[in-house]
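Presented below is the structure to which this report refers.
The values are calculated or read from the model by the stated rules, or taken from the named source; none is laboratory data. Here the structure is a predicted model, which is why all the values come from computation and not from measurement. Don't worry about glycine lacking a Cβ; one is built from the backbone with ideal geometry, like all the others, and counts go over all protein chains shown. Accessible surface is based on the protein model in full, side chains and every heavy atom, while ligands, DNA and RNA are left aside. Shrake-Rupley method; radii C 1.70, N 1.55, O 1.52, S 1.80 Å.
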Amino acid sequence: MANKKSDLFYKRNFVWEKIDEKVKKEVFSVGEDYKAFLDSSKTERESIKEIIKRAEKEGFVPFSSVKKLTAGTKFYCENKGKMVALVVVGKESVENGLNIVGSHVDAPRIDIKQNPMYEDSGLTLMKTHYYGGIRKYQWVALPLALYGTIIKKDGQKIEISIGDKEDEPVFYISDLLPHLAKDQNTKTLREGIEGEGLNVIIGSLPFNDKDEDNKFKRNILEILNEKYGIEEEDFISAELEMVPAGKSRDVGLDRGLIAAYGHDDRVCAYTSLRAIFEVENNDKTAVTLCVDKEEVGSNGNTGMHSQFFNNLVAEMVALENSGNSNELKLRRALANSSVLSADVAAAFDPTYPSVSEKQNCAIIGQGITIVKYTGSGGKGGCNDANAEFVGKVRKVFNDNNINWQTSELGKVDQGGGGTIAYILANYNMDVVDIGVPVISMHAPYEVVSKADVYETYKGYLAFFNHCK
Ligand code: MN
Ligand code: MN
């Protein structure tokens, strides 16, 4: 029997109230490092580059150079510049299963179409096709930066990054002035800005040639040709992305929150990266997995549905078995694995209380958030984690003094969503969604708490070191 009546209640705590001054300093210092990570990770490709740069500094080597798996071996395996697995080999055989934290590094954005350029009325513009679940009205009248990759006709690869340095120009999607928005104002938020209305302004000067019919477009093509040696057809074999320009910033006079583009899900990539850098003496092999394409359903060769990850595990099994791949050992390795599907949770927003059920919703600043199931309607499409696995994770968190909370995605029948959880669960792994609560998810600037970033990193580390 509990000594005090109050011990029987499930208590929720604010991280800030539980930590001392020393830890608080650490929370803020992790926050600074996270902001630096975000500012150099504006796209999925940039994120993977930054992750590998940091991993190499921490002694991780390319998987191709690993000849033998021994406890403590640290390596990374990259897939097409958009996906990466970081591994710290444990004392046990791979066949016993891995402890995996899987996040995604793609974020909602505005992609440039394959034949994008046109001029109209003194402006040069590009046609776009938005990526992921954006609320289109939020993405207009903002400074935008352009990132991406162009494969030229001779096969040469060009990397583009324009708009995030102070002296660089930005790009812009226009919106109507209120004076002339009478018709637009009667539309719903969903219809007010249309997909084909997200045209990006990229120029406004004419090329100096009387006989040229497309002076404005020609001028931009000349600039692009001079700077990158590209011509218009090169856009066909390009991946160009418009993202909000500018750096991450502290929010509030007390600086507890961070506003930035792409917290979903780079906050989980960052925290799982930090965690795997500190893994020590792990029994199970630890894996930080950062994937692409989550925001569009995880399809494609760099999404979670790709065979990349189980191919890597097959290679690891082969390394443990004198170069022989062994289908049964691979299947056992996958089925014996435990996964934290690391993705953001919807935080309770006091300005919009009606969409949540407060008792089962993440509160900003109350720590790493366990989401047993996502889905929509009657848990449609969800990965509903086993009570046994949730119990195991909860115990690891409690034993290691992690400030955690539980949440679902809004109140019942309000909407819904999903993550990569169900894909890994298909291998019969134990999987539960766990991540950082976010305010204004999928907006150009989203908000998280530094306290939650810190507890999530500590939570993932406890999982790596202690989940059996
Ligand atoms: Mn996400
Ligand atoms: Mn998302």
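Here are the numbers for the structure shown:
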| item | result |
| --- | --- |
| Rounded if a/c under 1.5, otherwise prolate or oblate - the chain, Cα gyration tensor axes | oblate |
| Segment 77-218 pair-distance distribution - Cα-Cα, 10 Å bins, rounded % | 9, 27, 29, 17, 11, 5, 2, 0 |
| Cross-link table LYS372/LYS395; LYS91/LYS468; LYS25/LYS284; LYS42/LYS157; LYS136/LYS372; LYS53/LYS80, entries beyond 21 Å C-alpha to C-alpha | LYS25/LYS284; LYS136/LYS372 |
| Average silhouette area of segment 427-468, convex hull of alpha-carbon atoms, in square nanometres | 4.3 |
| With all protein chains modelled, accessible area of TYR373 [1.4 Å, Å²] | 60 |
| Largest-first ellipsoid semi-axes for segment 151-246, taking √(5λ) over the Cα gyration tensor eigenvalues, angstrom | 30, 18, 14 |
| Shape category assigned to segment 339-411 from the gyration tensor of Cα positions, a/c cut at 1.5 | oblate |
| Segment 377-468 shape via C-alpha gyration tensor axes, a/c threshold 1.5 | oblate |
| Label-to-label distance, nm, for residues given as ASN214 and SER121 (7 Å Cα→Cβ offset) | 2.0 |
| Segment 113-166, accessible surface, carbon-and-sulfur percent (1.4 angstrom probe) | 50 |
| Amide proton proximity set for HIS129, modelled H, under 5 Å, gap of 5+ | ASP111, ILE112, LYS113 |
| Potential lengthening between GLN414 and GLU166 on full extension [0.36 nm per residue; Cα-Cα distance subtracted] | 85.2 nm |
| Point-to-point label distance, LYS11-ASN428, nm (Cα→Cβ direction, 7 Å offset) | 4.2 |
| Built amide H within the under 5 Å cut-off of ARG12, gap 5+ | none |
| For ILE276, solvent-accessible area (1.4 Å; no DNA, RNA or ligand), Å² | 0 |
| Vicinal HN-Hα couplings computed from phi for segment 48-58 (Karplus, 6.51 cos²θ - 1.76 cosθ + 1.60; Hz; Gly/Pro x) | 5, 4, 5, 4, 5, 4, 5, 5, 4, 4, 8 |
| Calculated diffusion of segment 155-313, Stokes-Einstein form, Kirkwood radius summed over Cα pairs, 10 °C and 1.306 mPa s, µm²/s | 76 |
| Nearest-10 value in Å² for the accessible area of LYS247, using the 1.4 Å probe | 130 |
| Assigned charges on the beta-carbon of Lys, Arg, Asp, Glu; the chain dipole about Cα centre (debye) | 1640 |
| Ellipticity estimate at 222 nm from DSSP helix runs (n ≥ 4, -39,500 (n - 2.57)) divided over the chain, nearest 500 | -8500 deg cm²/dmol |
| Derived scalar couplings ³J(HN,Hα) [segment 149-162; Karplus, 6.51 cos²θ - 1.76 cosθ + 1.60; whole Hz; x for Gly, Pro] | 10, 10, 9, 6, 5, 8, x, 5, 9, 10, 9, 10, 8, 9 |
| Residue order for TRP139, TRP404, TRP16 - accessible surface, 1.4 angstrom probe, largest first | TRP16, TRP404, TRP139 |
| Phi-based couplings in Hz for segment 382-389 (Karplus 6.51, -1.76, 1.60; Gly and Pro marked x) | 8, 9, 8, 4, 4, 4, 4, 6 |
| Whole-number percent relative contact order across the chain, with pairs defined as alpha carbons under 8 Å at least 6 apart | 22 |
| Those GluC sites (Glu not before Pro) in segment 101-167 that DSSP places in a loop and that have at most 15 other beta carbons within 10 Å | GLU166 |
| Where trypsin sites (Lys or Arg not before Pro) fall in DSSP loop in segment 1-59, at most 15 other Cβ within 10 Å | LYS4, LYS11, ARG12 |
| Accessible surface ranking that places the most exposed of TYR76, TYR445 first, with a 1.4 angstrom probe | TYR445, TYR76 |
| Extended-chain gain in nm, criterion 0.36 nm per residue less alpha-carbon gap, ARG190 and ASN281 | 27.6 nm |
